Amino acid sequence: MHRGRSSAHWKQRAEVRQVTMTAQEARLCGLLLREHFGEVVERVGTHLLRSGAQNLRTVANESGTPLDLVKKSLCVLMKHGACSFRAGRKGPGSPVEYRASCERILLILRYPRYIYTAKTLYGDTGELVVEELLQRGHMTMSSIVKTVADRLTHNMEEGRRVEYSEVVSTFSKLVETHFLQRCPPVSEAVPAASTAPMIPGSGPASSGPAASAPPTAESFPDCYTVPHVSLVGWGKRRRSGEDAAEEQGVSKKAKTDEQTHGDEGVYWQVNFERFHLHFRDQTIISAVASKLDQTSSEIVRTMLRMSEVTTPPSASCTQALSANEIFRSLPANYSISRPILDQYLTLLVDDPMEFVGKSGDSGGGMYVVNLHRALTNLARATLESVVQERFGSRSARIFRLLLRKHHLEQKQVEDFAMIPAKEAKDMLYTLLSENLVHLQEIPKTPDHAPSRTFYLYTVNQLATARMLLQHCYKTVANLIDRRLFETKESKRLLEKSQRIEAIMASLQASGAEPEQLTEVEEMITAPEKQQLESLRHHINKLDSAENQVDETVFLLKAYVNSTAKATQ
Amino acid sequence: MADVKVKKESDPADVAAIETRSKIKELCQQFPHGITDQVIQNDMPHLEAQQRAMVLNKLLSLGHLDLLKNSSGLLYRMKDAQSASKMKGSDNQEKLVYQIIEDAGNKGIWTRDIRFKCNLPLTEVNKILKNLESKKLIKAVKSVAASKKKVYMLYNVQPDRSVTGGAWYSDQDFESEFVEVLNQQCFKFLQSKAEVARDSKQSPMIQRNSSFATSHEVWKYICELGISKVDLSMEDIETILSTLIYDGKVEMTIIAAKEGTVGSVDGQMKLYRGVNPVIQPTGLVKTPCGLCPVFDECHEGGEISPSRCIYMTEWLNF
Ligand code: SF4
């Protein structure tokens, strides 16, 4: 019998994890900060993450960074909502303290998904609006509109251009659907003497007790109000000189523009919560499509869309909808009759995944989407899939068996799973040593004698999900590490190819002879080309793997959060 | 139940009971149309009523006698005269051992217990057993309960599950492959049923309902496939179907059924259907780290590290 880890021990570990940031999270945050903001911000950011709330001078001393660099770093972090400040704990007059948010930094990982989603919903314009905002943290509406219009125009054929009004309309739609929101206004209550960098939209320090949380964006009435701006004009094409600078990643300061548009001081940010709700809904919809069929998923999509506004983000199920209402709201091209809709709804309610529940009989039957239960069941399927892929289908059989029957003795596991004793024992041992299953000892007598003790195997879904979440963080960090390593290995070659591309571009612009171009092109040898090719392949693969792991992160995290809310 | 209690020592009463039994059987053979209780009483006047009843019950439960009813009351009649003829030419000791083995039914009995019951020396018992085996009157069966333990039972008796371990054992070994083959076949059956239902383009409810198969249907399909050497019961198939539920490939619903419906047990019927997976393998396991056996030992700058990882290299070059 293996008595390695009792569940009590396990629980304890899981709880410790919950309150403090784990080593895996810290490592990943560091890598993300370095990639997006450079090494100084990484140093200051990771220091703050580890130390908890600290004032400016302490951060500078302890992280060994000059004060002005610390200030700049904090500015950057605050602009992106990754850092907040509040009045010192030592009473009035004590220095303002800063705190970094691990949760927020980890969202950097999801940037490609936010951008991609904006593109699917609102086209290229939506994509660029969200991309600009993510890159800069916060901006005024007028500067977003101008920047995006410029970028769109630049990518168009000569002679075509994008009107500001087009971008304004997309921007307004994004606000209307709550994907963008105003940054909460900065409170004036911060001690004026403080040397704190004050960034609008970074969450105000409250004048109240230091412990109070900063107000959320949504607690301000104008959160989703688009200001009236006087913006007439169209995007401008950049000249090629600016272009090169932009391409090389030299982030230019937004041109200071003498014109005023009437929205000065009103800054906007991406509403991550809203995107997450959208991701959650998409996850549920595609699970329904996979388990049942397209029509069922379309019905669930309709239900989710209808209750978007009426259901609070943390609700465990959507507002109840009558079959009549659902029928009226189905997309016009879905021509199913009313009785058939009823059949679909009944089948959805019958399905053991419990995506949809019936809450009453009025209006032809009242239905809800079981958000919390759907997440719980999808997280369970995720855990099962991990065991299946890693340890094979028969270990997965044992794992599912334990998830369904909760407490089983080894003999029962063998009998239910129909796996020979020796194999079952090996599999259980492996799962046990990987912390995927746990062993509970139930002594029949007070002396805890092993011969008079029940040994019951069990799976704790929540604890396992938390553990796998940590595995995901470590995995993403490994992928990033590998990506950095691959790039470093080919650094010289990459630089060479970039140089040559630049020469080619300028030659082309000056109308050089074709022979001249091929000559330059051939400066890269065939084996070098091949190496570049395989490097590109590797980077792409690592990139898309990072995004895929983030999907696992999203689902597990959504489940953990939803469970926390459900048990509150 | 007197037999059970006296298993350990050879009780003269036990031997007496066995003798009484063969006497009654002889009597029945003399009167192939059946005998009444009175006939037995007349033939064996010294036999107490209680003991007589016990012996008769035993014979009935072993299936040696039939109980009939006619105008004159209850009649006992020999069920099958075959074994008696087989025993021709056997001496009394052989008959006694045969009787003991017969009593053991489909659970069998091991040599030591036979010896205690018949009170013969071990060498003698072994000789008789060999003899009976060669005449194909009895057989030795290995028990899964304890290895190397052989039990004897009549030649044409199907051994009990507790002896063979059921359909899943052959010669004490759990037939893991057999189980997996059945698991796959059952799934195939349910899957094709679900496919046919989907392709029928009927209303969703009809589609779902026609994707269901009762355990009886699955059982019939497997029997007709003829992949099993042993006879499988419907329960055996339900055990296999349960493994498919734990594989996440099949779902089960229990419905109420009219008494007497084919495949229903206690007014209930189990319905099974093959289902689609709800998600594709999750992102984590699409990376080498998600499947890595040295995940915990891997650190940047360590002996095992992402930069030097061969799993990564292999995966990247794939
Ligand atoms: S980088 Fe390689 S060694 Fe490290 S966890 Fe991933 S697969 Fe395993």
Chain A, helix-only ellipticity at 222 nm - DSSP H runs n ≥ 4, -39,500 (n - 2.57), divided by all residues, nearest 500: -19500 deg cm²/dmol
Once both labels are modelled 7 Å past Cα along the beta-carbon direction, what's the residue B:38-residue A:532 spacing in nm? 11.6
Cα point-scatterer Debye curve for the stretch A:67-141, base-10 log of I(q)/I(0) at q = 0.24 Å⁻¹: -1.09
Among the lysines, which fall within straight-line cross-link reach of residue B:95, defined as a Cα-Cα distance under 17 Å, with same-chain neighbours fewer than 8 residues apart omitted? B:23, B:25, B:86, B:117, B:127, B:130, B:135, B:136, B:139
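About its Cα centre, what dipole magnitude does the protein assembly as shown give when the only charges are +1 on Lys and Arg Cβ and -1 on Asp and Glu Cβ, stated in debye to the nearest 20? Let's see the in-between values first.
Working: 111 positive and 108 negative charges, 478 e Å.
Around 2300 debye, computed over the protein assembly as shown.
Mind checking the full-extension length gain between residue A:448 and residue A:161? Use 0.36 nm per residue of separation minus the Cα-Cα distance, one decimal, nm.
Values: separation 287, 0.36 × 287 = 103.32 nm, distance 8.03 nm.
Contour length minus Cα-Cα distance gives 95.3 nm.
Other chains' Cβ within 10 Å of B:198-211 residues: what's the mean? Before the final figure, lay out the partial values.
Values: counts 1, 0, 0, 0, 0, 6, 14, 8, 1, 3, 6, 1, 0, 0.
Other-chain Cβ atoms within 10 Å of each residue's Cβ, averaged: 3.
Please go through the residue pairs A:422/B:286; A:411/B:149; A:358/B:270; A:422/B:142; A:425/B:220; A:405/B:270 and name each one whose alpha carbons sit more than 26 Å apart in this structure.
On the way: A:422/B:286 30 Å; A:411/B:149 22 Å; A:358/B:270 24 Å; A:422/B:142 20 Å; A:425/B:220 33 Å; A:405/B:270 19 Å.
A:422/B:286; A:425/B:220, as the Cα separations exceed 26 Å there.
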Here FRET efficiency (C-beta to C-beta, residue B:66 to residue B:297, R₀ 45 Å, nearest 0.05) is 0.05
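Pop the C-beta distance of residue B:265 and residue B:103 into the FRET formula with R0 = 25 Å and round what comes out to the nearest 0.05.
Details: r = 31 Å, r/R0 = 1.24.
Rounded to the nearest 0.05, the efficiency is 0.20.
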Which loop trypsin sites (Lys or Arg not before Pro) in the stretch B:225-298, with loop taken from DSSP, have no more than 13 other Cβ atoms within 10 angstrom of their Cβ? B:229, B:258
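Applying 1/(1 + (r/R0)^6) with R0 = 30 Å to the Cβ-Cβ distance of residue A:67 and residue A:494, what FRET efficiency is obtained, to the nearest 0.05?
Efficiency, from the Cβ-Cβ distance: 0.25.
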Reachable aspartates and glutamates from residue A:72, Cα under 13 Å, same-chain residues fewer than 8 places away excluded? A:39, A:42
Taking a virtual spin label 7 Å from the Cα of residue B:313 along the C-beta vector, which residues in the stretch A:477-492 bring their backbone nitrogen under 16 Å of it? A:482-483, A:485-487, A:489-490
So how much accessible surface do B and A hide from each other in total, probe 1.4 Å, in square angstrom to the nearest 100? 4400
Taking the Kirkwood radius as the inverse of the mean 1/r across Cα pairs, report the Rg/Rh of the stretch B:91-160. 0.93
The extension gain from residue A:305 to residue A:407, computed as 0.36 nm times the residue separation minus the Cα-Cα distance, is 32.7 nm
For peptide A:540-551, what's the mean number of Cβ atoms from other chains within 10 Å of each residue's Cβ? 4
Using only the alpha carbons of the protein assembly as shown, determine the length spanned along each of the three principal axes and report them from longest to shortest in whole angstroms. 130, 74, 64
Taking Cα atoms, how many degrees apart are the long axis of helix A:39-51 and the longest axis of chain A, rounded to 10 and kept between 0 and 90? 40
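What's the long-distance tail for the stretch A:445-537, i.e. % of Cα pairs beyond 21 Å?
Working: 2700 of 4278 pairs.
In whole percent, the share of Cα-Cα pairs in the stretch A:445-537 beyond 21 Å is 63.
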Using only Cα atoms, what is the ratio of the radius of gyration of the stretch B:209-306 to 2.2 N^0.38 Å? 1.72
Percent of Cα-Cα pairs more than 23 Å apart in the stretch A:327-481, please. 56
Full extension from residue A:425 to residue A:564: what is 0.36 nm times the residue separation minus their Cα-Cα distance, to one decimal in nm? 46.6 nm
Hey, if you put +1 on the Cβ of every Lys and Arg and -1 on every Asp and Glu Cβ in the protein assembly as shown, which of B:194, B:39, A:367 ends up farthest toward the positive end of that dipole? B:39
Between helix A:141-154 and chain A: long-axis angle, C-alpha atoms, 0 to 90°, nearest 10: 80
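Once you average over the residues of A:462-475, how many Cβ atoms of partner chains fall within 10 Å of each Cβ? All intermediate terms of the calculation are to be shown ahead of the outcome.
On the way: counts 0, 0, 0, 0, 0, 0, 3, 1, 0, 6, 6, 0, 6, 11.
Mean number of neighbouring Cβ atoms from other chains: 2.
The values are calculated or read from the model by the stated rules, or taken from the named source; none is laboratory data. Keep in mind the model is a prediction, meaning the values are calculated, not measured. Note: ideal-geometry Cβ built from the backbone for every residue, glycine included; neighbour counts use all protein chains shown. Heavy atoms of the whole protein, side chains included, go into the accessibility calculation; ligands, DNA and RNA do not. Shrake-Rupley method; radii C 1.70, N 1.55, O 1.52, S 1.80 Å.
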